[in-house]
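FYI, it's all coordinate maths here, none of it is from the lab. Predicted model only: the values in this text are computed from it and were never measured. All Cβ positions, even for glycine, are placed from backbone atoms using ideal geometry, and neighbour counts span all protein chains on display.
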């Protein structure tokens, strides 16, 4: 099956990077990054962790604080995003975090380099998702996991409303914001299943969770065996 068509560039171009960085500082996004980082701590206690499509770098900073014995590397195809992420790391005084300019289709890391790979809000950007997934497979150690999270386009409104209330948002304003974001930055479960079912996908052990942690998010867990 051919890769799903992507109408957006794989990286967020300037000045969209600045808008996304501003959005990533919002209460709901910072809470989301914290919860993803907690999810990561359930899988690894130390080692090398890779964040694919790191954006402004808030997730690696959360992980680095929760797992101080780790080395966290965030990669992005956008030069401006990496610049923003490095600035955020410097302000946070993070010593176990690095941000590198990389194309997720062909990363410069060696085989079996990482103890865990994570990605948030990037899957829908990948023009050839199977190619990126296979690159993740290559750099991941055997017996280790990749955790991929993306906005769930078909999430029930009830789920979103509950999360907005939890984070102290106006329901009306939150729904408007969500409708704008999901129009160009989301994915359906059916699309995810088609990607995972493609013949070229090297991850044969995988699972998909709708509404992960009560977020309008799809979580994909990939195990390298």
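From the square roots a ≥ b ≥ c of the eigenvalues of the alpha-carbon gyration tensor of the range 118-162, which class results: rounded (a/c under 1.5), prolate (a/b over b/c), or oblate?
oblate
Assuming 0.36 nm per residue, please report the length gained on full extension of the stretch residue 27 to residue 127 beyond their Cα-Cα distance.
Difference between extended and current length: 33.0 nm.
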Describe numerically, in nm with one decimal, the distance between label points set 7 Å from Cα along Cα→Cβ at residue 188 and at residue 91. 3.9
Each label point is 7 Å from the Cα along the Cα-to-Cβ direction; what then is the distance between the points at residue 83 and residue 199, in nm? 4.4
Tell me, what is the FRET efficiency for residue 112 and residue 43 to the nearest 0.05, using R0 = 22 angstrom and their Cβ-Cβ distance as r? 0.85
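Mind checking the full-extension length gain between residue 105 and residue 170? Use 0.36 nm per residue of separation minus the Cα-Cα distance, one decimal, nm.
Additional length available on full extension: 19.5 nm.
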Antiparallel DSSP beta bridges within the range 16-223, percent to nearest 5: 40
If only Cα atoms are counted, what is the Rg of the range 16-223, and what is its Dmax, in Å? 16.2, 47
